[in-house]
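The values are calculated or read from the model by the stated rules, or taken from the named source; none is laboratory data. All values derive from a computational prediction rather than experimental measurement. As a convention, Cβ positions derive from the backbone with ideal geometry for all residues, glycine included, and neighbour counts pool all protein chains shown.
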């Protein structure tokens, strides 16, 4: 860094002393603040700007000077766009959803009428079909999560600690490849797999068995397939970070393979499992297309919302709050375990 | 720290403001009768706007991409220079919702959708003088309650048909004549029955009850009082134990019935036709109990941005030639009388689908939106409206 760099036109002399030590620490990474750490000898040339023609040459200079002395405005300006995105578009739509849940519809035209009523919530809480659907969906989401975790553990172990680099790359592609295919294509493939007399039935026929057909089992398998990469990738990368000598130490002390996995690997992998489970759980909770195609007559939260969205949007909105609450509780429990600190 | 504490408070304050503001607007409510907004009618058909956006049932607007033999869009596009953008609607409810968005110019509305659209002010009256082919519509389809209100015409009829019982001949050896096997808890086809996924399907249960439990006193499946609705829901819950799949996507229905995942169930003739075109062993029948059905009309959006192309399409689709193609592709009775003439094929088709046989259609209960006023003529009873049907439907599917 040359002295000239520190003395850009319009650099306010008092700025050298303006920031308090607290702000200094906070902004130490900002390039402009490196000027603060310049040796005292540059102070000699400090007066140059005043002799170098007009100081307020451009608007950009004005703005940068204005922002420089007002760190709060600076931070606000930087965060305004992302905050708008989060606040207006993201949370705003959630707020609208919440408001709509208190509205009602015209019984004939099924047009939405803005009015305050608790009818939709009463309906959801008193009608057993909604409770059964909510519980069923949570059950399915948990099953998908457990199944994904159970599959990700051995796969992660093999990929991170056993497989050759070539094999590892191949498996990594294998895990992520399904993400490149269209969602509907994958769901429809599973629909064909589970169809009566379809590939699964054909495969199981020699053993005298048949596929589960469309229903909850088929739905859990399809969703596990869809969301498995979101569990497998964090578990695999967490496995790679565990030093091999921990495993060696464990076996030196006489632990068998399973004991090593159980007492060494799983506790270290817990954050990865929880991070992965947030994806598998919440994605399964919100899915409805898979349920429509392979779920047979299984109703989940998503299908109930989808069937009400045309006829009774406020009821759909009220029911849409259920998965939000469930996910918030899930995140809260995950936070309590401390796993989110690693994210 | 101050900000984080103030944020929820501010959110709460703004929320209550919004709620209060919304509450103010709730004064306007609809009475028992059907109020129809006064909307202007087109007076002339001008230059084409270059495109027309249509929501239609599967098989109504075909450009040869689903079935190479079904194409009446390409010629229209060439002749009028209106590009047709089609969206297939799965249920009447979806169509109503999409029409409210205002992006679509035309909809092929069934009776249960059309009343809601008219009353909601979503569709404009049609000037039939701008549609030369309107004069050839069969009498049975003119002036129906569900597309003609207060002396104004809102729809240009396309055709009508019944929701048939379709069955896979590999699994159902003997041609069925009754719906009974699709409703019974001890059905031999338990687990392989398919049913239509919409609250309007409650009417199918009511039709069955009319035949099997006359003491319930149902005379019109769309006029059910509380007890009658409860009986229908009971029957549907029984059916739920034997149903394998509910469908509302025509292509899903095709895959289900032709693969044998479903053995029999309610369907549309177009599903049967598509399945047969793919080599599926599927047949259909109109059972002795009668059936629900539909009568569809083209309706133009009140917010249409392409009214000229929309009128051109309505006239095009009502011409004898195109109407015959649509009717034969979907498997329904055409609306245009002349679509039953001109060729042996046309005549046979109209005979099969009883195009001009009004007695036949007395057995078929055309989809209508259920309202509080009993449309079967009872004055002392209050009937259940579609919202109650919607809630009942959620209960049925559990």
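Being touching a strand residue (DSSP E or B) at 6+ places or on another chain (Cβ under 7 Å) and surrounded by fewer than 22 Cβ atoms within 10 Å (Cβ to Cβ) narrows it down to one of B:380, B:283, so name that one.
Checking each option against the conditions leaves just B:283.
Those residues that are closer than 24 Å to residue B:46 by Cβ, touching a strand residue (DSSP E or B) at 6+ places or on another chain (Cβ under 6 Å) and crowded, with 20+ Cβ neighbours inside 10 Å, I need them from region B:112-130; list them, please.
B:123, B:124, B:125, B:126
Would it be correct to say that residue B:204 is touching a strand residue (DSSP E or B) at 6+ places or on another chain (Cβ under 8 Å), at pLDDT 95 or above and in a helix (DSSP H, G or I)?
Yes.
Could you check residue B:203 against (1) more than 22 Å from the chain's Cα centre (by Cα); (2) within 15 Å of residue B:239 (Cα to Cα) and say which number it fails?
(1)
Which numbered condition in (1) within 13 Å of chain B (Cβ to nearest Cβ); (2) modelled with pLDDT under 95 is the only one that residue A:125 fails?
Going through (1) within 13 Å of chain B (Cβ to nearest Cβ); (2) modelled with pLDDT under 95 one by one, residue A:125 breaks only (1).
I need the full set of residues from region B:68-80 which are farther than 25 Å from residue B:308 by Cβ and surrounded by 15 or more Cβ atoms within 10 Å (Cβ to Cβ), in order please.
B:70
Which ones in region B:267-279 are surrounded by fewer than 22 Cβ atoms within 10 Å (Cβ to Cβ) and not in a helix (DSSP H, G or I)?
B:278, B:279
Tell me yes or no: at least one residue of region B:344-356 is assigned to a loop (DSSP other than H, G, I, E, B), modelled with pLDDT under 90 and surrounded by fewer than 20 Cβ atoms within 10 Å (Cβ to Cβ).
Taking region B:344-356 first, the residues assigned to a loop (DSSP other than H, G, I, E, B) are B:353-356.
Narrowing the set further to residues that are modelled with pLDDT under 90 leaves B:353-356.
From what's left, surrounded by fewer than 20 Cβ atoms within 10 Å (Cβ to Cβ): B:354, B:356.
For region B:344-356, residues assigned to a loop (DSSP other than H, G, I, E, B), modelled with pLDDT under 90 and surrounded by fewer than 20 Cβ atoms within 10 Å (Cβ to Cβ): present.
Please state which of the following conditions residue B:112 fails to meet, knowing it meets all the rest: (1) more than 14 Å from every other protein chain (Cβ to nearest Cβ); (2) farther than 23 Å from residue B:50 by Cβ; (3) under 12 Å from the mean Cα position of the chain (by Cα).
The one condition residue B:112 does not meet is (1).
If you go through region A:294-306 one residue at a time, how many are in contact with a helix residue (DSSP H, G or I) (Cβ under 7 Å, 6 or more places away or on another chain), more than 7 Å from every other protein chain (Cβ to nearest Cβ) and more than 22 Å from residue A:146 (Cα to Cα)?
Residues of region A:294-306 in contact with a helix residue (DSSP H, G or I) (Cβ under 7 Å, 6 or more places away or on another chain): A:294-295, A:297-305.
Retained after the next criterion (residues that are more than 7 Å from every other protein chain (Cβ to nearest Cβ)): A:294-295, A:298, A:300-303, A:305.
So of that shortlist, the ones also more than 22 Å from residue A:146 (Cα to Cα) come out as A:303, A:305.
Result for region A:294-306: 2.
Collect the residues in region B:286-309 that are part of a loop (DSSP other than H, G, I, E, B) and under 20 Å from residue B:361 (Cβ atoms), keeping them in residue-number order. Show your work before the answer.
First pass over region B:286-309, keeping only residues part of a loop (DSSP other than H, G, I, E, B): B:286-290, B:302-306.
B:286, B:287, B:288, B:289, B:290, listed by residue number.
Which of the following residues is in contact with a helix residue (DSSP H, G or I) (Cβ under 6 Å, 6 or more places away or on another chain), away from every other protein chain (no Cβ under 14 Å), buried (at least 20 other Cβ atoms within 10 Å of the Cβ) and in contact (Cβ under 8 Å) with a residue 24 or more places away in the chain: A:160, A:134, A:152?
When all the criteria are applied, what remains is A:152.
Going through region B:357-385 one residue at a time, which ones are in contact with a helix residue (DSSP H, G or I) (Cβ under 7 Å, 6 or more places away or on another chain) and either in a loop (DSSP other than H, G, I, E, B) or within 14 Å of chain A (Cβ to nearest Cβ) (or both)?
B:367, B:368, B:369, B:370, B:384
Among the helices (runs of 4 or more DSSP H) contained in region A:130-204, which hold 1 or more residues that are in contact with a strand residue (DSSP E or B) (Cβ under 8 Å, 6 or more places away or on another chain) and assigned by TED's automatic domain parsing to the domain that holds residue A:269? Show your work before the answer.
Numbers: elements: A:165-180, A:183-194, A:199-204.
Hits in region A:130-204: none.
What is the number of the single condition among (1) more than 11 Å from chain A (Cβ to nearest Cβ); (2) modelled with pLDDT under 65 that residue B:82 does not meet?
(2)
For the list (1) over 30 Å from residue A:189 (Cβ atoms); (2) buried (at least 17 other Cβ atoms within 10 Å of the Cβ); (3) within 22 Å of the chain's Cα centre (by Cα), I need the number of the one condition that residue B:252 fails.
Here residue B:252 clears every test but (1).
Quick check: is even one residue across region B:88-105 surrounded by 22 or more Cβ atoms within 10 Å (Cβ to Cβ) and in a strand (DSSP E or B)?
no
Starting from residues that are closer than 20 Å to residue B:101 by Cα and in contact with a strand residue (DSSP E or B) (Cβ under 9 Å, 6 or more places away or on another chain), keep the ones in region A:101-118 and report whichever is nearest to the other protein chains (Cβ to nearest Cβ).
A:114
Quick check on residue B:327: is it modelled with pLDDT of 90 or more, within 28 Å of residue B:166 (Cα to Cα) and either within 14 Å of chain A (Cβ to nearest Cβ) or part of a helix (DSSP H, G or I) (or both)?
In short, yes.
Examine region A:167-185 for a residue that is in contact with a helix residue (DSSP H, G or I) (Cβ under 6 Å, 6 or more places away or on another chain) and within 14 Å of chain B (Cβ to nearest Cβ), and state whether such a residue exists.
Within region A:167-185, not a single residue is in contact with a helix residue (DSSP H, G or I) (Cβ under 6 Å, 6 or more places away or on another chain) and within 14 Å of chain B (Cβ to nearest Cβ).
Within region A:210-220, identify whether any single residue is under 30 Å from residue A:161 (Cβ atoms) and either touching a strand residue (DSSP E or B) at 6+ places or on another chain (Cβ under 6 Å) or in the same structural domain as residue A:333 (by TED's automatic domain parsing) (or both), and answer yes or no. Steps first, answer last, please.
To start, the set of residues in region A:210-220 that are under 30 Å from residue A:161 (Cβ atoms) comprises A:220.
This time we only want the ones that are either touching a strand residue (DSSP E or B) at 6+ places or on another chain (Cβ under 6 Å) or in the same structural domain as residue A:333 (by TED's automatic domain parsing) (or both), so: A:220.
Checked against the condition, which is being under 30 Å from residue A:161 (Cβ atoms) and either touching a strand residue (DSSP E or B) at 6+ places or on another chain (Cβ under 6 Å) or in the same structural domain as residue A:333 (by TED's automatic domain parsing) (or both), region A:210-220 yields at least one hit.
Look through B:185, B:223, B:175 and report the one residue that is surrounded by 18 or more Cβ atoms within 10 Å (Cβ to Cβ), more than 16 Å from the chain's Cα centre (by Cα), away from every other protein chain (no Cβ under 14 Å) and assigned to a loop (DSSP other than H, G, I, E, B).
Result of the check over B:185, B:223, B:175: B:223.
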